[in-house]
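Novice: Have a look at this one.
The numbers here are math on the coordinates, done by the rules we state, and not lab data. Computed from a predicted structure; not experimentally measured. Neighbour counts are summed over all protein chains in view; Cβ atoms, including those assigned to glycine, are modelled from backbone coordinates with ideal geometry.
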Amino acid sequence: MVDRFAPNFFLLLIKRNKKEVPGKLFIFAKKMQLALRELWAYAEAHSTEEQQVLKDLIRETHLTRMMPQMLCGRIIGNLLGLLSTLQRPRVIVEIGTFTGYSTIQLAKGLGADGELHTYELNEEMDDIHQQFFERAGIADRVKVYYGSALDLLGDLHVGVDLVFIDADKRQYPDYYKLIAPKLNEGALLIADNVLWDGKVIEEEANDPETLGVRRFNELVAQDEAMEKVLLPMMDGIMLARKC
């Protein structure tokens, strides 16, 4: 997980200056990478331990699903759970369910009358969702919509108190345009992967995913109705509050 998310600017420097960077700097960068792994382990050791249902979900995801690295992981998961608990939302929207790890974390802040609307493109995730949402005790408050969130969000006619975006990076700007008008005053927006492996600052990076993330960041930054901070942790987290 650390190799995917932890920012490593020395390796980014090497990537951008392959011929010019001396061998000693490369060795130093590899040492930094090892140090980051140790720091990651330290951070996890000093964070709330995962519920058993989450540990089992991680194992099931690695055993039965392609691209298990799409799980948000323990650190981001704990952050989502903590922010949700502090926010005490009545309505949560999640764009990008995957196997439901982040869904279970987000649900920690829901009251008995709360509702969590989560959007997942892949309907083949239905079995794992049913199994683990039931085990986590949130099945009665979670509604899963299968298909494109761009096609389905328009049918959501309720004010939103918390939204988490972690789906197709190409569509981040469109997700924002659809969800922003639905946010209640004081609502919290969280978006993952907004540094996109450092590509957002690489001028030559013009793939659709990078362009989508850049545009999303610009939209949030320019939205005067949002108080925001882009956290340079992990792969970048956009945290914003509707004023």
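Novice: Report the gain in length on full extension from ASP113 to ARG241: 0.36 nm times residue separation, minus Cα-Cα distance, nm rounded to one decimal.
Specialist: Additional length available on full extension: 43.8 nm.
Novice: If you don't mind, another one. Apply the Karplus parameterisation 6.51 cos²θ - 1.76 cosθ + 1.60, with θ equal to phi minus 60°, to every residue of segment 117-132 and state each ³J(HN,Hα) to the nearest whole Hz, in sequence, with x for glycine and proline.
Specialist: 9, 10, 10, 9, 5, 8, 5, 5, 7, 4, 5, 6, 5, 4, 4, 8
Novice: Which ³J(HN,Hα) values in Hz, rounded to whole numbers, follow from the phi angles of segment 58-71 under the Karplus curve 6.51 cos²θ - 1.76 cosθ + 1.60, where θ = phi - 60° and Gly and Pro get x?
Specialist: Along segment 58-71, the couplings run 4, 4, 5, 4, 5, 7, 10, 10, 6, 6, x, 5, 6, 4 Hz.
Novice: Cross-link list LYS108/LYS199; LYS55/LYS169; LYS143/LYS199; LYS55/LYS177; LYS108/LYS143: which exceed 23 angstrom alpha carbon to alpha carbon?
Specialist: Beyond 23 Å between Cα atoms: LYS108/LYS199; LYS55/LYS169; LYS143/LYS199; LYS55/LYS177.
Novice: Ranking request for peptides 190-197, 52-59, 203-210, 232-239: highest mean number of other beta-carbon atoms within 10 Å first, then the rest in descending order.
Specialist: Descending packing order for the listed peptides: 190-197, 232-239, 52-59, 203-210.
Novice: Now, a different point. Using DSSP to define loop residues, name the GluC sites (Glu not before Pro) in segment 38-146 whose beta-carbon has at most 12 other beta-carbon atoms within 10 Å.
Specialist: The qualifying sites are GLU49.
Novice: Can you give the FRET efficiency to the nearest 0.05 for GLU227 and LEU82, using r as the Cβ-Cβ distance and R₀ = 25 Å?
Specialist: 0.85
Novice: Which residues' amide hydrogens lie under 5 Å from the amide hydrogen of TYR145, considering only partners 5 or more residues apart or on another chain, with H built in the peptide plane?
Specialist: Excluding prolines and chain starts, which carry no amide H, the hits are THR118, TYR119, GLU120.
Novice: Can you compute the modelled spin-label distance between HIS62 and LEU219, with each label point 7 Å from Cα toward Cβ, in nm?
Specialist: Output for this residue pair reads 3.5 nm.
Novice: For helix 23-45, report the angle its Cα long axis makes with the longest principal axis of the Cα atoms of the chain; keep it between 0 and 90° and round to the nearest 10°.
Specialist: Approximately 30 degrees, to the nearest 10.
Novice: On full extension of the chain, what length is gained from ILE201 through LYS177, given 0.36 nm per residue of separation minus the C-alpha to C-alpha distance?
Specialist: Full extension from ILE201 to LYS177 adds 6.3 nm.
Novice: Need one number: nm distance between label points at GLN52 and ASP126, each 7 Å from Cα along Cα→Cβ, rounded to one decimal.
Specialist: Once both label points are built, they end up 3.0 nm from each other.
Novice: Which length gain, in nm to one decimal place, applies between ARG37 and ASP151 when the Cα-Cα distance is subtracted from 0.36 nm times their residue separation?
Specialist: 37.1 nm
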